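Written below as structure tokens is the structure these notes are about.
The values are calculated or read from the model by the stated rules, or taken from the named source; none is laboratory data. From a predicted model like this one, the values you see are computed outputs, not experimental measurements. Note: ideal-geometry Cβ built from the backbone for every residue, glycine included; neighbour counts use all protein chains shown. With ligands, DNA and RNA removed, areas are computed over all heavy atoms of the protein, side chains included. Shrake-Rupley method; radii C 1.70, N 1.55, O 1.52, S 1.80 Å.
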Amino acid sequence: MLLFKPEHVAAIMEGRKTQTRRLRYHGPRVKVGNVYQARTRMLDKSSTFALLRIKRVWRVWDLRDMTLEEAEAEGYPSVEQYLEAFRTINKWSGPLPTWENADTWPIWAVEFEVA
């Protein structure tokens, strides 16, 4: 199961959001090729809005290296807007994860498609 904010549902369903970045201390919780429910509420099966097939998973070492193409795949028109959303969603107030602190704050990127 992958949890998303309600404001991301339309972008996912329209194919504008095809990636997500997640803080995961013990590695990614998804596997390439598998299909997972996409929900807006953790314990509520009725909040399932799609099935997502995982296409690719990779480690993000420094959020400062994000490209415009990646920000757009996250559903945002600019890197700055994505980083602002990342801070809000993850309640992040300090410096963004970088090469210097990547082991403390591991981020995994997941590319998906609606199955």
* Taking region 1-20 only, how many residues are acidic (Asp, Glu) and in a helix (DSSP H, G or I)? -> 1
* Close pairs (6 angstrom Cβ cut-off, 6 or more residues apart or separate chains): in contact (Cβ under 8 Å) with a residue 60 or more places away in the chain and among the aromatic types (Phe, Trp, Tyr) in region 65-78, in a loop (DSSP other than H, G, I, E, B) and open to solvent by less than 90 Å² (accessible area, probe 1.4 Å) anywhere -> none
* Matching residues, region 33-48, being open to solvent by 90 Å² or more (accessible area, probe 1.4 Å) and either assigned to a loop (DSSP other than H, G, I, E, B) or among the aliphatic types (A, V, I, L, M) (or both) -> Arg41, Met42, Leu43
* Residue list for region 49-73, restricted to those being under 22 Å from Ala115 (Cβ atoms), among the hydrophobic types (A, V, I, L, M, F, W, C) and in a strand (DSSP E or B) -> Phe49, Ala50, Leu51, Leu52, Ile54, Val57, Trp58
* To do: Could you tell me whether any residue of region 89-104 is within 13 Å of Met1 (Cα to Cα) and out of contact with any Cys (no Cβ under 7 Å at 6 or more places or on another chain)?
  => no
* **Residues within region 1-30 that are in contact (Cβ under 8 Å) with a residue 12 or more places away in the chain and within 24 Å of Glu69 (Cβ to Cβ), tallied** => 20
* Asked: Which of the residues that make up region 7-22 are within 25 Å of Leu96 (Cα to Cα) and exposed (fewer than 14 other Cβ atoms within 10 Å of the Cβ)?
  -> Glu7
* To do: Taking the residues in region 74-115 that are assigned to a loop (DSSP other than H, G, I, E, B) and open to solvent by less than 20 Å² (accessible area, probe 1.4 Å) as candidates, determine which candidate is modelled with the lowest pLDDT.
  => Ala102
* Does Arg87 qualify as being in contact (Cβ under 8 Å) with a residue 24 or more places away in the chain and of a type in the set (D, E, K, R)? -> no
